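In what follows, a structure is listed as structure tokens, so that the remarks can point back to it.
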Amino acid sequence: MNTATVLSRFNEHAVNYPHNWAVVSQRERINYDELDKRSSQVAAYLQSREIGRGDRVLVQAERSVEYIVALLAVMKTGAAFVPVDRRLPQKRKDYMARQCEASLVLSTHVHDRAPLLACEVRTVQELLDMPALRSFQSVDVQPQDAIYVIFTSGTTGDPKGVIIEHHSAAELIAHHNLNLKVTRESHCTLMASVGFDMCQSEIWSAMSAGACLYIFSDEALLNTDAFLALCVEHEISHAFVPTLKVYDLVNALQPSGLSLKYVFTAGEKLHPVEVLHLPYKIVDCYGPTEATMFVTSRVVDSKRLNRPDSIGFPIGSCKVYIMDQHLNEVPAGETGELCIAGSCLARGYLGAPGLTAERFVHSDALACRIYRSGDQARLLPDGSIQFLGRQDGQVKIRGYRVELGEIEARLLKEPEIGSVAVVVEDTGSQADKRLLAFFVQRNKQAHPESVIAGIRRSLEADLPDYMLPEQYHRLEALPSNVNGKTDQHALMALLKQYRPVTLNEERFASAFDRQMASIWFELLGHGDFGPEDSFFDVGGHSLRAAELARRLSTHFNANVRVSDIYEHLNFKDLSAEVMRRCDSPEAPQARKVSEFEHDALVGVDTHIDPHFEGRQITAPQHIFLTGVTGFVGIHLLGQLLASTQADIHCPVRCEHAGVGLMRVQQISERYQVLFSEHEWARINVYAADLSEFELGMEPHTYARLTELIDVVYHSASAVNFIMPYSYMRKDNVEGLRHIIRFCAAKKTKPLMLMSTISVYSWGHRYTHKTRVNEHDSIDENLASIRHDLGYVQSKWVMEKLADRAAAAGLPVMTFRLGYATCHSRTGVCASYQWWGRFIQTCLTYNAVPDLQQLLEGLTTVDYMVEAVAHISHLPQALGQNSISFRVT
């Protein structure tokens with residue numbers, strides 16, 4: 001173990017460079033010699049009170065020269081300091097003093113002399129002014145001695161003290177200074193709150209390097225322009241800013257004359273930012289208090305590179321492992337708990353041996369002590385670590401596990417958003433928690449309502465509805481606590497100012513509208529909506545839509561369906577439709593047949609050459625497979641790998657191919673469709689969006705694949721049993737149009753289309769047939785289709801579109817799949833399907849429902865994909881027109 005400490009390094013500079021400036025504040029500046037003398041004078045008083053190794057001194061302070069004097073004085077006695085922000089509530093400070101059994105309290109402010117419990121309280125200036133009672137006796141501080149105790153709030157309960165040892169701080173500071181080139185010529189800032197462990201990083205980085213430390217005021221912390229002006233004035237080379245302020249910093253006008261080389265940040269997850277225009281580097285650091293200061297870091301890349309965000313790589317002797325609940329390492333790309341090992345680990349929690357044993361554990365597999373951080377992370381392909389949020393910070397929204405950081409990351413990609421915080425409002429019901437977004441708008445001149453509308457549209461394309469914030473509130477700045485982190489409690493307090501808690505009936509013209517508005521108000525829990533607002537823009541979602549339809553039907557004695565809420569989006573249109581239903585009580589009119597026929601008749605605007613090579617089916621070299629992240633799709637991937645020698649090319653809706661590959665790996669693990677290393681080498685994943693022009697791919701990638709691919713298996717489909725056809729049209733119908741264009745481009749590529757037996761709908765009610773076969777026209781079912789789900793309607797149109805493409809010369813096989821249940825050997829079911837959940841529920845409760853009759857056509861997924869693969873390789877199965885196979 002290295003015997004050097006930050007104190008010994010400070011002492012060296014005080015001896016060798018006594019006249020170099022050590023600390024500069026607004027009130028004074030002090031050199032290393034004077035700082036050494038003042039701290040020794042205070043240390044002598046502490047020694048007179050018999051304070052030494054094993055003791056703890058609470059330092060109640062704000063950023064100042066006196067604060068640094070106090071820290072040095074405590075260290076010189078061999079005791080540990082406990083930094084406490086003087087702005088904290090008195091009860092919290094009393095609790096900390098009691099927990100650490102403080103021998104004495106050192107304060108930097110005269111008004112802080114009120115006793116903390118039974119502790120003696122002295123100000124630093126008071127001790128410097130009094131005659132010396134004795135001379136300071138040097139103490140040989142050891143690396144394993146405690147240097148400080150920092151109290152961290154954690155997630156719940158009272159704050160807990162974390163004991164840090166000298167060697168841990170010294171090693172991380174040495175690594176920090178080496179990599180960020182902190183030297184005697186450096187000018188560094190002190191910006192962090194005194195109770196935040198990054199404050200110790202700022203102080204001891206400068207003091208152990210012999211650099212000059214500049215103490216900036218709170219104004220610089222709050223005002224980015226003031227911060228940059230001070231950086232120019234004092235020729236700052238190294239600075240710290242809280243994560244929350246990075247977004248303001250990168251968007252600020254960078255003044256000329258900046259000497260900044262590095263700006264480091266920590267405290268919260270840093271989402272992608274643009275840095276190409278900056279004359280300095282931003283270094284993002286991660287590390288819990290229990291691992292001293294930081295354990296990973298990275299130089300922030302430009303967000304234009306579209307790289308997965310990460311917290312970088314471990315630093316120094318720190319080791320980071322991603323582990324499962326049994327403390328076994330998980331494969332790269334898989335989510336697990338971030339665990340830390342190395343000399344950076346804290347001694348443990350003060351006065352809490354049980355908690356220490358719970359969080360600091362011995363790993364038999366690693367043969368070392370590790371800290372379980374409670375953070376979720378995964379290993380990226382380049383070896384860096386992606387932080388995914390707190391395990392205990394996750395929330396459940398409508399039964400789905402949601403990470404708020406993921407939503408914030410997506411919001412920060414919006415050009416109008418400078419900074420953002422997403423919080424959860426607990427309505428008292430686990431099933432009805434609300435997501436709220438608070439944001440700072442970059443363009444202050446833009447109208448908030450139009451900005452919010454644009455953000456909603458953008459997020460709806462990327463996130464599932466349960467991850468969409470229900471309300472957006474624009475702020476001038478996000479509130480922050482003393483550590484520079486987003487103040488969640490202040491945000492919730494602000495909510496009361498922004499959201500009406502009563503209904504303003506004057507906004508609604510008629511008595512009928514006011515009745516319906518009262519139903520909305522009861523269901524949403526607020527009155528912040530008007531006649532032009534969509535139910536889904538003011539807090540509605542699919543579950544609330546179902547309840548709204550029920551309440552409207554009951555209250556007005558009208559037949560209102562869930563799909564009506566989606567079709568008639570704003571309050572005014574829905575009210576008019578419900579009123580019409582009251583006047584005309586017949587069942588709501590189904591979508592007109594002409595709309596489906598129009599979509600099916602449009603066809604594709606591309607020439608199709610009917611000629612292709614037979615080997616493209618019998619022995620393809622390159623297969624294009626969509627829908628690979630679905631239950632059927634991942635099994636079909638496995639079957640095609642097994643039945644051909646082809647490379648499989650898989651488009652996945654994602655931002656980056658690396659992220660897409662990880663999704664495929666996760667789906668593979670989830671459904672136990674495991675591939676060998678050789679098979680993984682044959683799988684190619686692309687970032688894509690099938691509903692967009694050229695499948696949403698990079699132009700050169702799309703062009704290359706149109707020449708390379710031999711055959712296309714189209715298994716992708718948007719599935720939703722609530723949304724009307726208009727919502728399903730883009731992903732399913734327009735997606736198939738783009739696939740057909742892809743099949744026709746450069747060379748003709750046969751299309752294997754995965755459809756559904758649902759295209760038969762409930763046609764027998766109109767045709768009175770008791771049996772249908774593959775060759776029966778699905779046009780017979782139009783009368784039934786009119787009344788069916790939007791999903792079924794879209795699949796019907798897709799088949800009609802495929803028929804038209806086949807008539808134009810495209811080789812097409814259509815596979816009408818039945819209900820894909822479990823795998824016949826592994827028993828694995830799709831997690832989102834009702835049958836698997838039904839069986840699991842029966843097993844859990846050792847009971848089955850008292851059903852008189854349950855008829856369901858069930859097909860094991862392995863049989864289904866084996867049949868598809870076998871038939872699709874047969875040239876005789878492919879004719880001039882679309883051939884349909886029912887696979888059940």
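Go through segment 300-320 residue by residue and tally those that are closer than 25 Å to Gly660 by Cβ, touching a residue at least 12 places away in the same chain (Cβ under 8 Å) and of a type outside the set (S, T, N, Q). Please lay out each step first, then the result.
Applying the first criterion (closer than 25 Å to Gly660 by Cβ) to segment 300-320 yields 300-313, 320.
Okay, now just the ones that are also touching a residue at least 12 places away in the same chain (Cβ under 8 Å), so 300-304, 306-313, 320.
Then drop every residue that is not of a type outside the set (S, T, N, Q), which leaves 300-301, 303-304, 307-309, 311-313, 320.
Qualifying residue count for the region: 11.
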Scanning segment 799-852 residue by residue, those under 39 Å from the mean Cα position of the chain (by Cα) and among the polar types (S, T, N, Q) turn out to be Thr814, Thr821, Ser824, Thr826, Ser831, Gln833, Gln840, Thr841, Thr844, Asn846
Strands (runs of 3 or more DSSP E) lying entirely in segment 246-358 (those with 2 or more residues that are more than 24 Å from Thr152 (Cα to Cα)):
262-265, 281-286, 296-299
Residues of segment 654-678 being among the charged types (D, E, K, R) and touching a residue at least 40 places away in the same chain (Cβ under 8 Å), which ones?
Glu655, Glu669, Arg670
Top-ranked residue of segment 707-729 - restricted to ones that are farther than 14 Å from Glu694 by Cα and in a helix (DSSP H, G or I), ranked as modelled with the highest pLDDT
Leu708
Of (1) over 30 Å from Cys100 (Cβ atoms); (2) modelled with pLDDT of 90 or more; (3) among the hydrophobic types (A, V, I, L, M, F, W, C); (4) surrounded by 19 or more Cβ atoms within 10 Å (Cβ to Cβ), Leu404 fails just (2)
If only one of Leu190, Leu253 is modelled with pLDDT under 95 and among the aliphatic types (A, V, I, L, M), which one is it?
Leu253
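I want to confirm something. Restricting to segment 220-232 and keeping residues that are under 31 Å from the mean Cα position of the chain (by Cα) and part of a helix (DSSP H, G or I), which single residue is surrounded by the most Cβ atoms within 10 Å (Cβ to Cβ)?
The first filter runs over segment 220-232 and keeps only residues under 31 Å from the mean Cα position of the chain (by Cα), leaving 220-225, 227-228.
This time we only want the ones that are part of a helix (DSSP H, G or I), so: 220-222, 224-225, 227-228.
Numbers: Ala220: 22, Leu221: 20, Leu222: 14, Thr224: 19, Asp225: 12, Phe227: 24, Leu228: 21.
Among residues in segment 220-232 that are under 31 Å from the mean Cα position of the chain (by Cα) and part of a helix (DSSP H, G or I), the one surrounded by the most Cβ atoms within 10 Å (Cβ to Cβ) is Phe227.
The values are calculated or read from the model by the stated rules, or taken from the named source; none is laboratory data. In this text the structure is predicted, and so the values were computed from the model without any measurement. Cβ coordinates were reconstructed from backbone atoms using ideal geometry, including for glycine residues, and neighbour counts include every protein chain displayed.
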